[in-house]
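The next block holds one structure in the form of structure tokens; read it before the comments.
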Amino acid sequence: MERIKEKNINTPEYWKDYWSSDFRRKENYFNDSHELKNLGDLTIGTILDIGCGSGHHTKYLKGDVTVCDISQDAVDFVKETLGFNGFQCDITKQTPEGKYDTVICTEVLEHLDEPLRVLRKLKKLANKRVIISLPKGEEAKRFEDHVWSFELEDMEEIFGGKVNAYSPDGLHLIAIYDKA
């Protein structure tokens, strides 16, 4: 795990502006380049998708799904497009109420100043499973809003050794943590 940017531009205002664009929401929603099409098969029971963005990963989920994002525009788009329940939440400052069987956080932790603190929250919110995805190594460095870069070997340390982590496309990491 390597901090790649000192200044973090990821503010609520940044993401409100980012997701307020209809083009941005649709462009990201229809982007299928990421290897998470089997995400629905990895989930168990009730699901909380933290940092749902445009829903381009959320659309693969099945069942009782709740979404949240720092941007109300993103939450509204996913609710309207996919019909899931949702709410606005800045995971760095708030902790969603309740517990969920599966907590998913795709392409979010690399944007945060304190990703490990947020990951601890995710583990507390999950009854059974946490699934995260992150850009891998050099891929993270390509984007102005990425603060951290992660490697496959970081996943065991982050989750405390009990994790199934892999890189399906060489560009992203997926980690599945099952609570004992």
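The values are calculated or read from the model by the stated rules, or taken from the named source; none is laboratory data. All values reported here derive from a predicted model rather than from experimental measurement. Heads up, the Cβs are rebuilt from the backbone with ideal geometry, glycines too, and the neighbour counts pull from every protein chain shown.
Things to note:
- Residue that is surrounded by the fewest Cβ atoms within 10 Å (Cβ to Cβ), among those in the range 131-180 that are more than 19 Å from residue 102 (Cα to Cα), touching an Asp or Glu at 6+ places or on another chain (Cβ under 9 Å) and hydrophobic (A, V, I, L, M, F, W, C): 143
- The listed residue being closer than 23 Å to residue 74 by Cβ and in contact with a Phe, Trp or Tyr (Cβ under 6 Å, 6 or more places away or on another chain), out of 130, 147, 103: 130
- Restricting attention to the range 31-65 and to residues that are within 13 Å of residue 83 (Cα to Cα) and of a type in the set (D, E, K, R), the residue that is modelled with the highest pLDDT turns out to be 64.
- The number of residues in the range 101-151 that are farther than 23 Å from residue 60 by Cβ and acidic (Asp, Glu) comes to 6.
- Cross-chain or 6+ apart pairs with Cβ under 8 Å, the range 1-17 first and loosely packed, with under 13 Cβ neighbours inside 10 Å, then β-branched (Val, Ile, Thr): 3/147
- Strands (runs of 3 or more DSSP E) fully within the range 119-180 counting 1 or more residues that are touching a Ser or Thr at 6+ places or on another chain (Cβ under 9 Å) and closer than 18 Å to residue 43 by Cβ: 126-135, 172-178
- Condition met for residue 128 (touching a Lys or Arg at 6+ places or on another chain (Cβ under 7 Å), basic (Lys, Arg) and in contact (Cβ under 8 Å) with a residue 12 or more places away in the chain): yes
- Residues in the range 100-118 that are assigned to a loop (DSSP other than H, G, I, E, B) and without any contact (Cβ under 8 Å) to a residue 40 or more places away in the chain: 114 only.
- Where residue 96 falls short, out of the listed (1) modelled with pLDDT under 95; (2) of a type outside the set (Ser, Thr, Tyr); (3) within 14 Å of the chain's Cα centre (by Cα): (3)
- Scanning the range 18-30 for residues that are of a type outside the set (Phe, Trp, Tyr) and surrounded by fewer than 22 Cβ atoms within 10 Å (Cβ to Cβ), we see that the one that is modelled with the highest pLDDT is 20.
- Residue check for residue 73: more than 23 Å from residue 123 (Cα to Cα) and outside any loop (DSSP other than H, G, I, E, B): yes
- Flag if residue 113 is acidic (Asp, Glu), closer than 27 Å to residue 7 by Cα and at pLDDT below 90: no
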